[in-house]
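Note sheet for the following structure.
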Amino acid sequence: RTVYVNGDYLPEDQAKVSVFDRGFVMADGVYEVTSVLGGKLIDFGGHLARLKRSLEALQMRNPLSDDDYLAAHRRLVAENGVTDGMVYLQVTRGNPGDRDFAFPPEDTVPTVVMFTQNKPGLADNPAAKTGWKVITTEDLRWARRDIKTVQLLFPSLAKMEAKSKGADDAWLVEEGKVTEGTSNNAYIVKGGTIITRELSSDILHGITRAAVLRFAREAQMKVEERSFTVAEAQEADEAFITSASAFVMPVVSIDGAAIGDGTVGPVARRLREIYLEESV
Ligand code: PDD
């Protein structure tokens with residue numbers, strides 16, 4: 001596999017980043033994940049826009065132009081023969097030459113890394129037919145979840161808690177209300193209305209979320225952007241999540257309580273179809 005490091009395209013075993021890199025010692029970096037379906041980048045413009053918001057929020061210099069990012073994504077997809085999969089992009093504050101809490105001088109060059117992951121048949125994920133089981137757990141992340149940082153230890157712990165309980169993912173809960181999944185946005189459906197938490201610094205502003213809500217409104221479905229409790233979710237007709245890697249994934253149980261009849265519901269199924277049709 002060819003990977004990108006600071007302008008170079010290298011075999012993955014020859015790619016190197018300094019041990020002093022702020023991304024490595026301080027999780028001082030941001031990232032994006034863009035899906036590839038049929039060789040085509042999905043929603044790349046949205047991911048690029050969010051990358052720039054994340055960089056700005058952390059006062060980090062943007063080292064590349066939009067065209068540079070796009071060209072690198074396309075080159076990696078082509079060189080690595082990715083038909084279905086994803087491109088991972090990470091920008092860190094670079095190598096200050098030493099460890100220090102203070103930011104390095106302005107002229108420190110950010111580190112840019114990109115690589116691809118092959119996921120043949122990504123859009124036909126059989127899990128979409130049966131749906132995910134989720135557990136809930138207290139949201140112990142920092143308060144700026146709207147910035148897509150590489151500081152992913154808590155979501156990783158929550159994912160492992162879910163797996164240890166035989167579930168597929170965890171929904172994170174703050175003050176009794178669901179914020180989002182470990183790496184996705186969370187939704188319920190009640191009486192035909194799609195309900196998902198409003199945008200704020202409490203959640204990541206999902207690129208898939210924006211697209212799915214737009215398609216839902218275009219299809220005359222009702223959308224309410226507000227928070228909901230775990231109990232309300234357990235009593236909903238349907239539940240689902242969205243992300244660049246899972247698209248629209250139905251959720252069929254929450255903490256062991258079946259949602260609706262415990263099978264994939266019509267709204268989640270339809271939204272997945274629409275998303276895949278419109279995006280590819
Ligand atoms: N995760 N919420 C969180 C906390 C996320 O990490 C993600 C994405 C989302 C969904 O955002 P989008 O629709 O733009 O992918 C919501 C990516 C896929 C990841 O970490 O792999």
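The values are calculated or read from the model by the stated rules, or taken from the named source; none is laboratory data. This one's a predicted model, so the numbers in the text were calculated from it and none came from an experiment. Note that each Cβ is placed from the backbone with ideal geometry, even for glycine, and that neighbours are counted across all protein chains shown.
How about the stretch 131-160: which of its residues are touching a strand residue (DSSP E or B) at 6+ places or on another chain (Cβ under 6 Å), closer than 24 Å to Leu89 by Cβ and in a loop (DSSP other than H, G, I, E, B)?
Lys148, Val150
Starting from residues that are more than 24 Å from Gly176 (Cβ to Cβ) and assigned to a loop (DSSP other than H, G, I, E, B), keep the ones in the stretch 194-240 and report whichever is farthest from the ligand (Cβ to nearest atom).
Top of the filtered list is Gln220.
Within the stretch 37-68, which residues are more than 30 Å from Ala102 (Cα to Cα) and within 16 Å of the ligand (Cβ to nearest atom)?
Leu37, Leu41, Ile42, Asp43, Phe44, Gly45, Gly46, listed by residue number.
Return only the number of the condition from (1) modelled with pLDDT under 95; (2) in contact with a strand residue (DSSP E or B) (Cβ under 9 Å, 6 or more places away or on another chain); (3) not hydrophobic (A, V, I, L, M, F, W, C) that Gly94 does not satisfy.
Among (1) modelled with pLDDT under 95; (2) in contact with a strand residue (DSSP E or B) (Cβ under 9 Å, 6 or more places away or on another chain); (3) not hydrophobic (A, V, I, L, M, F, W, C), the lone unmet condition for Gly94 is (1).
For every residue, the table says whether it meets (1) closer than 30 Å to Val25 by Cβ; (2) touching a helix residue (DSSP H, G or I) at 6+ places or on another chain (Cβ under 8 Å).
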residue: Glu79; (1), (2): no, no
residue: Arg93; (1), (2): yes, yes
residue: Thr108; (1), (2): yes, no
residue: Gly121; (1), (2): no, no
residue: Ala128; (1), (2): no, yes
residue: Thr137; (1), (2): yes, yes
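Which ones in the stretch 34-61 are touching a Ser or Thr at 6+ places or on another chain (Cβ under 6 Å) and among the hydrophobic types (A, V, I, L, M, F, W, C)?
Pass one, the stretch 34-61, residues touching a Ser or Thr at 6+ places or on another chain (Cβ under 6 Å): 39, 41-42, 44, 47.
Listed by number, the residues that qualify are Leu41, Ile42, Phe44.
What residue, of Leu37, Leu58, is within 22 Å of Asn184 (Cβ to Cβ), modelled with pLDDT of 95 or more and out of contact with any strand residue (DSSP E or B) (no Cβ under 6 Å at 6 or more places or on another chain)?
Leu37
Return the residues of the stretch 19-36 that are more than 13 Å from the ligand (Cβ to nearest atom) and surrounded by fewer than 19 Cβ atoms within 10 Å (Cβ to Cβ); say none if nothing qualifies.
Answer for the stretch 19-36, where residues must be more than 13 Å from the ligand (Cβ to nearest atom) and surrounded by fewer than 19 Cβ atoms within 10 Å (Cβ to Cβ): Val19, Phe20, Phe24, Val25, Met26, Ala27.
Looking at the stretch 241-277, which of its residues are in a helix (DSSP H, G or I), touching an Asp or Glu at 6+ places or on another chain (Cβ under 9 Å) and within 16 Å of the ligand (Cβ to nearest atom)?
Across the stretch 241-277, the qualifying residues are Ala268, Ile274.
Kindly indicate whether any position in the stretch 106-128 is surrounded by 14 or more Cβ atoms within 10 Å (Cβ to Cβ), among the charged types (D, E, K, R) and not in a helix (DSSP H, G or I).
To start, the set of residues in the stretch 106-128 that are surrounded by 14 or more Cβ atoms within 10 Å (Cβ to Cβ) comprises 108, 110-119, 122-123, 125, 128.
Narrowing the set further to residues that are among the charged types (D, E, K, R) leaves 119.
Within this subset, residues satisfying the condition of being not in a helix (DSSP H, G or I) are 119.
Checking the stretch 106-128: at least one residue is surrounded by 14 or more Cβ atoms within 10 Å (Cβ to Cβ), among the charged types (D, E, K, R) and not in a helix (DSSP H, G or I).
Looking at Gly39, Gly45, Gly81, can you tell me which residue is under 16 Å from the mean Cα position of the chain (by Cα) and loosely packed, with under 15 Cβ neighbours inside 10 Å?
Gly45
With in the same structural domain as Ile254 (by TED's automatic domain parsing), on the phi > 0 side of the Ramachandran plot, away from the ligand (no atom under 15 Å from the Cβ) and buried (at least 18 other Cβ atoms within 10 Å of the Cβ) as the only criterion, which of Gly94, Gly131 stands out?
Just a single option satisfies the conditions, and that option is Gly131.
For the stretch 175-193, what are the residues that are more than 14 Å from the ligand (Cβ to nearest atom), polar (S, T, N, Q) and not in a strand (DSSP E or B)?
Matches in the stretch 175-193: none.
For Ala102, are the conditions met, namely being in a loop (DSSP other than H, G, I, E, B), out of contact with any Leu (no Cβ under 8 Å at 6 or more places or on another chain) and within 21 Å of Thr182 (Cα to Cα)?
Numbers: in a loop (DSSP other than H, G, I, E, B): yes; out of contact with any Leu (no Cβ under 8 Å at 6 or more places or on another chain): yes; within 21 Å of Thr182 (Cα to Cα): no.
It is false that Ala102 is in a loop (DSSP other than H, G, I, E, B), out of contact with any Leu (no Cβ under 8 Å at 6 or more places or on another chain) and within 21 Å of Thr182 (Cα to Cα).
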